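Undergrad: Sharing a structure, written as structure tokens. Questions coming.
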Amino acid sequence: MALPVPPNAAGIVPPLPPANPPTVADARAAQEYAVMVRLSHQSGALGAATDADVVASAEYKLNVLSQPVAPAWFAPMKAQLNRIESMVGQVSNANKSNGYTYPFTIIHFNNNAPVNPGVDPTTVGLPALTDVAIIANLNNAQVDAYCQGYGIPMDAATYIERKQRIAQHIGCHDLGALA
């Protein structure tokens, strides 16, 4: 179950969305976030966190802490399961042509991605890559975010080449719409 991290008026950087199930680090991050929002509110400074921010961050912390936390030994197994799930999704997508008749399966970011490792890209505000038209309409920032998440080298590749690499990574081989 995805637990969205609430924003705040004070501009405090929220933690990354927690893993499913949350890890000990996710629980700690949720707790620290709630404390930072509360301290900002208590300061009373201009632009400080609002009452609603304090309540939302406390609810978020409680939601994360109420989830069963994954034991440390589960992390390597979860990483392996994520890789298997991605491979199955890529093979499935390869049989869906352009994704119009049968939408592509969402492929999670790589476990070793520098940003948002192992998460569903849609949980961090990126569009769901369910067909080639969506890939074709990605803006430059979205292309860069997908390349980082999927571990796709951005070296000297053009904007079009990076979109083609994203399509190939998720299993789409109908690249005509991306040229």
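Undergrad: At what distance in angstrom do the alpha carbon centres of region 1-54 and region 118-136 lie from each other?
TA: What the calculation gives is 25 Å, centre to centre.
Undergrad: To the nearest 0.05, how large is the calculated FRET efficiency for Thr101 and Thr122 if R₀ is 25 Å and r is the Cβ-Cβ distance?
TA: Approximately 0.75, to the nearest 0.05.
Undergrad: Sticking with this structure for a sec: Which of the following values of Rg and Dmax of the Cα atoms in Å was calculated from the structure shown: [x] 19.5, 56; [y] 20.2, 63; [z] 18.8, 57?
TA: [z]
Undergrad: Just Gly125, Gly99, Gly89 to compare: in a GNM of the chain, with alpha carbon springs under 10 Å, which one fluctuates most?
TA: Gly125
Undergrad: How far is the Cα center of region 76-90 from the Cα center of region 149-179, in Å?
TA: 21 Å
Undergrad: Here's another thing I want to ask about it. With a 1.4 Å probe and every protein chain kept in, tell me what percent of the accessible surface of region 101-152 is carbon plus sulfur.
TA: 52 percent
Undergrad: With a cut-off of at most 11 other beta carbons within 10 Å, and DSSP calling the residue loop, which chymotrypsin sites (Phe, Trp or Tyr not before Pro) in region 7-111 qualify? Please list them.
TA: Hits after loop and neighbour filter: Trp73.
Undergrad: Anyone know which of His41, His169, His108 comes out most mobile in the 10 Å Cα GNM of the chain?
TA: His41
Undergrad: Efficiency by 1/(1 + (r/R0)^6): what FRET value for Asn139 and Arg28, r their Cβ-Cβ distance, R0 = 35 Å, to the nearest 0.05?
TA: On the way: r = 34 Å, r/R0 = 0.97.
Efficiency, rounded to the nearest 0.05: 0.55.
Undergrad: With a 1.4 Å probe and every protein chain left in place, work out the accessible area per residue of the chain in Å², rounded to a whole number.
TA: Each residue of the chain exposes 54 Å² on average to a 1.4 Å probe.
Undergrad: Run down the aspartates and glutamates and flag those whose C-alpha is under 20 Å from the C-alpha of Lys61, throwing out any fewer than 8 positions away in its chain.
TA: Answer for Lys61, where 20 Å is the Cα cut-off: Asp26, Glu32, Asp51, Asp53, listed by chain and number.
Undergrad: Can you compute the modelled spin-label distance between Leu62 and Ala75, with each label point 7 Å from Cα toward Cβ, in nm?
TA: My value for the distance between the label points is 2.9 nm.
Undergrad: Using a simple spin-label model with points 7 Å from Cα along the Cα→Cβ vector, what separation in nm is obtained for His173 and Asn112?
TA: With each label point 7 Å from Cα toward Cβ, the separation is 2.6 nm.
Undergrad: By how many nm would the segment from Val35 to Asp155 lengthen if fully extended, with 0.36 nm per residue of separation less the alpha-carbon distance?
TA: In short, 39.2 nm is gained.
Undergrad: Moving on. Please give the peptides 135-144, 13-22, 45-54 ranked by average Cβ packing (other Cβ atoms within 10 Å per residue), highest first, as a rough proxy for protection.
TA: Descending packing order for the listed peptides: 13-22, 135-144, 45-54.
Undergrad: Another question about this same structure. Cα to Cα, under 22 Å, and not fewer than 8 places away if on the same chain: which lysines meet these conditions relative to Lys96?
TA: Result set, ordered by chain and number: Lys163.
Undergrad: May I ask you to derive the relative contact order of the chain, considering only C-alpha pairs under 8 Å and at least 6 residues apart, and to give it as an integer percent?
TA: Worked out over the chain, it gives 18 percent.
The values are calculated or read from the model by the stated rules, or taken from the named source; none is laboratory data. Everything numeric here is computed off the predicted structure, so don't read it as measured data. So basically every Cβ, Gly included, is an ideal-geometry build from the backbone, and we count neighbours across all protein chains shown. All accessible areas refer to the heavy atoms of the entire protein, side chains included, with ligands and DNA or RNA removed. Shrake-Rupley method; radii C 1.70, N 1.55, O 1.52, S 1.80 Å.
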